[in-house]
Every structure is written in C-alpha cells, then in structure tokens.
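Taking it in order: structure first as structure tokens, then the write-up.
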Amino acid sequence: MERLVIVGAGLAAAKAVERLREEGYEGSVTVVGAEDRAPYERPPLSKDLLLGKDTDPTVLDEEWWGENDVRLLTGARAAELDRETGRVRLESGEWLDYDLVVLATGAEPRVPDLPGADRALYLRTLEDKDRVLEAIGSGGHLVIVGAGWIGLEVAAAARSHDVRVTVLERDDLPLQKVLGDELATHVAELHRSHGVDLRTGVSVEEVLVGADGPVGVRTSDETIDADHVLVAIGAVPSVALAEDSGLEVDDGIVVDERFQTQDERVLAIGDAASAWNVTLEDRLRVEHWDNAIRQGRAVADVLLGRDTVHDWLPYFYTDQFEFSMEYVGRPGPKDAVEIRGDLAANEFIAYWLDDESRVTAGMNVGIWDVSDTLRQMVGTTVDRSELGDLR
Ligand code: FAD
C-alpha cells in the first residue's frame, strides 16, 4: 500500500486529505502538524474571532479523521526529511516512512531584526489570536507595526472594541504596492475616519520592553507609549525541512505546475510552495486561503494520477469596517487602476490594466457575485470606456 505523509496540518493539508478520501485514494495517509490541534482556517483569526463572533474555524470534524482512516498527529513537528531513505523524523524521535511526502508547512510571521521585536504580539495561530484578543479586551493603547492586510484587519477589530489604535507603516500609504495610490489613500482615509491613528512613512527601530512586556516603540522620530504592540509585517514561508534536505527553495519550495519538487517523491503546496502557474506562465507563492484550498485539492488529483495542472489565478478577500472586497488576478507594478462605481460608498469595481489595456486584476468592493466575471475578464483586452461597475 502506498504510504503518503503530509507535513503541516493546515488548510492545504486538510483539503488534500479530504479530496483524496472522497475520490477513493486507498493508500495510508498520515498528517503531521506542529500545532496542538486539527487544521483550521486562519482568516477568522483577524476578523470574526477578534470581533468576538462565535465562529468555528475547524476544517474537518473531529470524527472525520477516524472515519476516513487518516492518521492525524498533532503537536508533532517534523524535524528532518531524509530523502535518501524516504523517511520523516519527528522531533519526538519517531520516524515515518513514506513513498510520497507533501510539504504543506505554511508560513510564519516575519519577525523584524529589531531590539524587543521578539516580545511583541504576532498573529498566525489560534493561540496568537487569544493573546491579541486578551490585549484588546484589556483596553489601553494598541500599537500595530505594519499596515498590511492583517495589521489593518486587527486595527478595525480593535476599534470596534473601542480600543485606542495607532498603526505605523513604513510606506507612504497602507497597501500601496497592492492597491496603488488612489485606493490606498481611500483605505487610509477609511481607517482614519474610524479613529485609527494611521501614521505612514514611519520606520520603527525598536520595540521598547518593560518588566511585563512591550511598553512602546521607538521610531526614527519619536517614542510612542503603548500597552500592547502587535507586529504584522508579513509572513515568511516555512521551508527549513525542504532546504535542509537539499530541495530547491527560492521565495518558497520550488515546485512545477503539478506541485512536484526536483525529487519525484516530494511535493509542496500552500503558503510554503512557490509553484509554476500555467495561466500566468510564472512561478509564484501565494499566501491566501483560496490558494491553500485549490492547491490542496489539486495535489490530491495529482496523487490520484489525474491530469491536473496549477492554473488558478490568485484570489483573496478582506473585511475592514465597511470595506469588504474580493480580489482576483496579479497586476504588474506599473498597471493603471480604473475605478467604476461609488468609491465613497465602498461599492465599486477596480480594474488593473496593463499598457495594452489587458485586465491583469479586478477587485469588487461591496458588489457581490461578480468575482467569477472579473476572473473571466483577467487576460482579456478591454475598451476602458466600456468598463462598468457590473451591477
Ligand atoms: P498554514 O495554514 O500556515 O498551515 C501550515 C501548518 O504547518 C501550520 O499549522 C504549521 O504549524 C505546520 N508546520 C509548519 N512546519 C511544520 C513542521 N516542520 N512539522 C509539522 N508541522 C509544521 N487569506 C485570504 O485569502 N484571506 C484572508 O482574509 C486571510 N486572512 C488571514 C488572517 C490571518 C490572521 C492569517 C494568519 C492568514 C490569513 N490568510 C488569509 C492566509 C491564509 O490563512 C493562508 O494562506 C492559509 O492558511 C495557508 O494554508 P497552508 O495550509 O498553506 O498553511
């Protein structure tokens, strides 16, 4: 019987095993996860769960694992991938033999090389969420370093709890590289209108730490007192296992359009993988929920011997105050942004167009059930005067 080991018990792994068993995969399957719990979805950690809503982020019911004969080892970190002998060593010392191994190790928060940064709050796991929620619940002043998606979502959640929030961003605008100046200005104004003290063009140089933890931050210009400091400056892929075993790693674990590394017995998916996308004709690592789901399912198809390739365009979403959106595609850094609809009311479509008027990405804000239409438009050439808000 084929022995499959999946390292990393996150969303991508869960979707892979779910599909494998649904589709009749008969090999033995072991999933090894460093966290103490079964796979769960992370988007609610910075949204519903921080807002205090009662949401269960678990991907597969507790019974699913036994019923489907999948061995789930939680609290079990894989420490070594021995490709010579086809074995994974766990930190406990146990060895797992494999015929095939899928690395689905995800990503970890980027910790800046600054004094005190290791004492700040980060947000990746349910335990992190508990700490952030406790901080928000205790009131005081929350300083967030980084105005990316997670930093801004936490800011929005904290403001809904009436917490004083300061966000410090190194760029001139939040999300400037993703959204472009006009939309980034809109997001900045949204946050400021809800009482977030958003300061841009600020370089944080130290997290100041007192006897009980962070007490503020020092920037190039000033010292800002805080009761809590959250650092949210992005994530780095968890690639140590792959790297140590001699697999090729760039921004992530290098795989082809069928998630295959240079070792035919090792595949990689999700946030950790830098995969060839046949639609974009480029390699990219995507840190999004939808990508983890799609790649989990697709790698199952590959393992089932089907003719599957990775061709899905990146998609993600966010909710911050009344700014709720979906985004599909991958624009170039110089693409123009065309906005149709009502920007002020947060009901509009943004199109990214290259210099040949080809759509490279689309974002629907407050207008729903149009994401598939936008997806179909990506790659097509359009007449700018005919672009509308799809209502
Ligand atoms: P992960 O979910 O990171 O799972 C990987 C697992 O592998 C982890 O549990 C890790 O502990 C484990 N692991 C790592 N190394 C080892 C090892 N050596 N041995 C054993 N286990 C190991 N995406 C969106 O599109 N929209 C959103 O709104 C959104 N919100 C988010 C909010 C937050 C707070 C976070 C953190 C992420 C958010 N994302 C969002 C991103 C999305 O959650 C990720 O893209 C997705 O979780 C990736 O799934 P994954 O399975 O690849 O990795």
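The values are calculated or read from the model by the stated rules, or taken from the named source; none is laboratory data. Note that the structure is predicted; figures quoted are calculated from it, not measured. No Cβ is skipped: glycine too gets one built from the backbone with ideal geometry, and neighbour counts run over all protein chains shown.
Scanning the range 203-219 turns up no residue that is in contact with a Gly (Cβ under 8 Å, 6 or more places away or on another chain) and within 16 Å of the ligand (Cβ to nearest atom). Applying the criterion of being within 19 Å of Ser92 (Cα to Cα) and not small (Gly, Ala, Ser) to the residues of the range 26-59, the residue that is farthest from the ligand (Cβ to nearest atom) is Thr30. Output the residue which, of all residues in the range 295-353 that are among the β-branched types (Val, Ile, Thr) and within 13 Å of the ligand (Cβ to nearest atom), is nearest to Ser160 (Cα to Cα). This residue is Thr318. Test Glu23 against the stated conditions and say whether it is in contact (Cβ under 8 Å) with a residue 12 or more places away in the chain and surrounded by fewer than 16 Cβ atoms within 10 Å (Cβ to Cβ). The answer is yes for Glu23. Can you name the residue in the range 104-131 that is of a type in the set (A, V, I, L, M) and under 19 Å from Arg37 (Cα atoms) and, of all such residues, is farthest from the ligand (Cβ to nearest atom)? Checking each candidate, the answer is Leu126.
Somewhere in the range 242-262, is a residue assigned to a strand (DSSP E or B) and not aliphatic (A, V, I, L, M)? Within the range 242-262 (the criterion being assigned to a strand (DSSP E or B) and not aliphatic (A, V, I, L, M)), the answer is yes, since at least one residue qualifies. Residues of the range 354-383 that are surrounded by fewer than 14 Cβ atoms within 10 Å (Cβ to Cβ) and either in a loop (DSSP other than H, G, I, E, B) or basic (Lys, Arg) (or both): Asp355, Glu356, Trp368, Asp369, Gly379, Thr380, Asp383.
Scanning the range 274-291 for residues that are out of contact with any His (no Cβ under 9 Å at 6 or more places or on another chain) and either of a type in the set (A, V, I, L, M, F, W, C) or over 26 Å from Val88 (Cβ atoms) (or both) yields a total of 8.
Of all residues in the range 330-353, those that are small (Gly, Ala, Ser) and either more than 28 Å from His194 (Cβ to Cβ) or surrounded by fewer than 16 Cβ atoms within 10 Å (Cβ to Cβ) (or both) total 4.
For the criterion of being away from the ligand (no atom under 13 Å from the Cβ) and crowded, with 17+ Cβ neighbours inside 10 Å, Val70 passes.
In the range 168-181 there is at least one residue matching the filter, namely being of a type in the set (Lys, Arg) and in contact with an Asp or Glu (Cβ under 9 Å, 6 or more places away or on another chain). Looking only at residues of the range 299-329 that are acidic (Asp, Glu) and under 16 Å from the mean Cα position of the chain (by Cα), we find that the one that is surrounded by the fewest Cβ atoms within 10 Å (Cβ to Cβ) is Asp319.
Residue-level check: of (1) within 20 Å of the chain's Cα centre (by Cα); (2) within 16 Å of the ligand (Cβ to nearest atom), Thr261 misses just (1). If the condition is being assigned to a loop (DSSP other than H, G, I, E, B) and in contact (Cβ under 8 Å) with a residue 40 or more places away in the chain, then the range 210-238 contributes Ala226, Asp227, Ala232, Ile233, Gly234, Ser238. Annotation note: Cβ proximity below 6 Å between a residue of the range 65-88 that is under 16 Å from Gly8 (Cα atoms) and a residue that is of a type in the set (Ser, Thr, Tyr) (sequence gap 6+ or interchain) occurs for Arg71/Thr30; Leu81/Ser245. For the range 143-185, residues that are in contact (Cβ under 8 Å) with a residue 40 or more places away in the chain, under 19 Å from Asp221 (Cα atoms) and either in the same structural domain as Asn364 (by the TED database) or surrounded by 21 or more Cβ atoms within 10 Å (Cβ to Cβ) (or both) total 6.
Scanning the range 264-294 for residues that are free of Cβ contacts under 8 Å to residues at least 60 places away in the same chain and more than 14 Å from the ligand (Cβ to nearest atom) returns Glu264, Trp276, Asn277, Val278, Leu280, Glu281, Asp282, Arg283.
State all residues of the range 93-132 that are within 16 Å of the chain's Cα centre (by Cα) and in a strand (DSSP E or B); if no residue qualifies, say none. Answer for the range 93-132, where residues must be within 16 Å of the chain's Cα centre (by Cα) and in a strand (DSSP E or B): Ala107, Glu108, Pro109.
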